[in-house]
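The values are calculated or read from the model by the stated rules, or taken from the named source; none is laboratory data. Computed from a predicted model, the values in this text were never measured in an experiment. All Cβ positions, even for glycine, are placed from backbone atoms using ideal geometry, and neighbour counts span all protein chains on display. With ligands, DNA and RNA removed, areas are computed over all heavy atoms of the protein, side chains included. Shrake-Rupley method; radii C 1.70, N 1.55, O 1.52, S 1.80 Å.
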6 protein chains.
Amino acid sequence: MSTSLPSNASYPDQLAHIQDQMGALGNAAPSLMQGFGGLHKAASAPGALDTKTKELIALAIAVSARCDGCIAFHTNDALKAGASREEITDALGVAVLMGGGPAMIYATHVLDAVSQFEHINAG
Amino acid sequence: MSTSLPSNASYPDQLAHIQDQMGALGNAAPSLMQGFGGLHKAASAPGALDTKTKELIALAIAVSARCDGCIAFHTNDALKAGASREEITDALGVAVLMGGGPAMIYATHVLDAVSQFEHINAG
Amino acid sequence: MSTSLPSNASYPDQLAHIQDQMGALGNAAPSLMQGFGGLHKAASAPGALDTKTKELIALAIAVSARCDGCIAFHTNDALKAGASREEITDALGVAVLMGGGPAMIYATHVLDAVSQFEHINAG
Amino acid sequence: MSTSLPSNASYPDQLAHIQDQMGALGNAAPSLMQGFGGLHKAASAPGALDTKTKELIALAIAVSARCDGCIAFHTNDALKAGASREEITDALGVAVLMGGGPAMIYATHVLDAVSQFEHINAG
Amino acid sequence: MSTSLPSNASYPDQLAHIQDQMGALGNAAPSLMQGFGGLHKAASAPGALDTKTKELIALAIAVSARCDGCIAFHTNDALKAGASREEITDALGVAVLMGGGPAMIYATHVLDAVSQFEHINAG
Amino acid sequence: MSTSLPSNASYPDQLAHIQDQMGALGNAAPSLMQGFGGLHKAASAPGALDTKTKELIALAIAVSARCDGCIAFHTNDALKAGASREEITDALGVAVLMGGGPAMIYATHVLDAVSQFEHINAG
């Protein structure tokens, strides 16, 4: 059964709902999900850059793309990879340089997301 | 009187509200709405491609443009034109190829929208 | 303490929350905020174009960028600079020409925002 | 017969080629072109805002959308509607505020386009 | 040895150069290219929609994303999958509806690309 | 005197021309350029992240924004900040994950740009 989550849900709740629906999409289109999963794994794995740096790049692109669901994902992944608030703030600065006013708006969303995920992890 | 609808409204409710506001915009700017309406009609009418295929294209662009209101519109129109869940899923796959992670997020929104419109139509 | 505001908040409430979080970002990254503030001031100051016209341009870009937080900001600033509903509607028309269907959706969001800010100002 | 024009053509040459190809598209899809033409006419006609202001808005959106062909079109139309270099520069400033670094790049393209169209008109 | 191809190259020449450089990227980042290749294959394979329809969707997204290299790719793939000029024109119409003026510009690029690829295939 | 540079110029030549035109824009709009310069300096300065990492983020956003002039700028700045080909390739991988097919196209442009700037620096 498919229910929908309000888009004003907290970022952790948004993340949980997106993960559910990605599971549903994976059932409906297994080879698509396998392809995307392979791309995700290759792009995130440590190489010349470590995973933390890669997640900061992904988060900055999420901000410049104005994608709240992506902010939920990559804020969580950046924190799990060990990114500090200061490093995230620096990445947001580059996003604002490259995205102007709209990126400033979504940079503030990341601040919300960081607080919410930290609250959960500290809970 | 203009009221605003929460953006976490269900997709059918979002659609109803947008249609109301497009009516209001049409009153304020009739020639603009007439021009847009003519473009919409020409782009959707069956030709070398049928309306269902055209709506699947519009839906895939809505996903790659990260536009929830557009997802409300074109999920509804695709279903009304006879698109199946499987066809919609295939169109979402192309959107993910062309839009990466953010398109994956909005592809999951379409799954929400499909369930909600089907629930109404079955109601 | 950082709390998050539902994204289905009214545009005036969205604006208030964004301004709070921009304050928080300014504390964390003062030189970034100073740079952005300087750019914002230079771009908005009356010159060959007056501030009202500049705010209408910013609002039209906000619509074509599909950014609700930007709509909160620049609807408010356009109204404060003396823009009328008719002038805003004309600017939305150009945004629709340059942004197609997704811009039509976000143009209707501006109608919501105008009503909400006018309601507050009349309160 | 369809030939292609180098994309490094001057903006006036780009404009001429696009107009040719829009003619070809109009032959292939007359109702589409009629719809788009009606939208273009409605969005550009003087109303609460004059045509010059509307063209400045369109040009600023062209810059924030990073579209060189659009810059060819709307630089020409803005100049024909009587926009001065100073007014165009002010509109570019708003585009940079709303688009960051990429908008700065395309703002410099507009400077190229203005010089090229002025050169032709003075020729 | 890496040489660069002028961006005003014909679409077939652009395609050849991009394919060369994708080969170079594949050597530098094999798992990334394998992931992307898997996603591409899954998204293009015939399923509920045939490959031709999927390529028309990809081409329409390429237009709305204003990406000339993508136009080179997906015009070629759409033609190879059997798409007619009339079907491509219909897909462009939906792109214009969803992308406004900038999509109109890039729709004319597709007309250039179609002519160039047909010229080669007929050669 | 304003001349225009072919857009098929090499990335180093594109960079030189953009820098010239940014100088011209700075003369026409000094406070705008001062604001943008302050933002650029704040966003690039070493902090919690070093300049190299910040330039890799900017380059990845340039790719996902499909902006060739930005690629000219930030490839050069990334190389000057000490980024290796391997680090740049890793950043491109994240851009492809977040931008799909169009990002793949512009990732290949970065390979062109790297080769051209290295050729000059080795010259």
One computes Rg over Rh for the protein assembly as shown from alpha-carbon atoms, with the Kirkwood Rh, and obtains 0.93
Measuring from its Cα centre, the protein assembly as shown shows a charge dipole (+1 at each Lys and Arg Cβ, -1 at each Asp and Glu Cβ) which, in debye to the nearest 20, is 0
Here the whole-number average of other chain Cβ atoms within 10 Å per Cβ of E:108-118 is 4
One decimal, nm, nearest first: from B:ASP20 to the same residue in each other copy, label points 7 Å out along Cα→Cβ, the values are 2.7, 2.7, 5.1, 5.7, 5.9
Relative to chain A, whose Cα atoms define the longest principal axis, helix A:30-44 and its Cα axis are tilted in degrees, nearest 10, by 20
Partner lysines whose C-alpha sits under 19 Å from that of B:LYS41, ignoring same-chain residues fewer than 8 away, are B:LYS52, B:LYS54, B:LYS80, D:LYS41
With every protein chain kept in place and a 1.4 Å probe, chain E has an accessible area per residue in Å² of 35
Expected max-MSF residue from C:GLY35, C:GLY82, C:GLY23 in the GNM of chain C (alpha carbon, under 10 Å) is C:GLY35
Rounded to the nearest Å, the spacing of the alpha-carbon centers of the stretch F:35-112 and the stretch D:69-106 is 25
Residue by residue through the stretch D:95-112, the couplings from Karplus 6.51 cos²θ - 1.76 cosθ + 1.60 with θ = phi - 60°, in Hz, x for Gly and Pro, are 4, 5, 4, 8, x, x, x, x, 5, 4, 4, 6, 4, 5, 5, 4, 4, 4
Relative to chain B, whose Cα atoms define the longest principal axis, helix B:68-80 and its Cα axis are tilted in degrees, nearest 10, by 70
Candidate cut points under trypsin sites (Lys or Arg not before Pro) in the stretch D:22-115, DSSP loop plus at most 14 other Cβ atoms within 10 Å of their own Cβ, are none
Per the 1/(1 + (r/R0)^6) rule, R0 = 56 Å and r from the Cβ atoms of D:HIS119 and C:ASN121, FRET efficiency to 0.05 is 0.70
Mean other chain Cβ within 10 Å across E:70-79 is 2
Computed, not fitted: 222 nm per-residue ellipticity of the protein assembly as shown from DSSP H runs ≥ 4 (each -39500 (n - 2.57)), nearest 500, equal to -27500 deg cm²/dmol
Reported to the nearest 10 Å², F:ASP112 has, with a 1.4 Å probe, an accessible area equal to 10
For chain A, whose charge dipole is built from +1 on Lys and Arg Cβ atoms and -1 on Asp and Glu Cβ atoms, the candidate among A:ALA45, A:ILE71, A:PHE117 with its Cα farthest towards the positive end is A:ALA45
Note on the stretch F:59-118: the mean projected area of its alpha-carbon convex hull, in nm², is 3.2
Answer check: chain A, Cα atoms, Kirkwood Rh, Rg/Rh ratio of 0.98
Label model pair F:ASP13, B:ASP50: point-to-point distance (7 angstrom along the Cα→beta-carbon line) in nm is 5.2
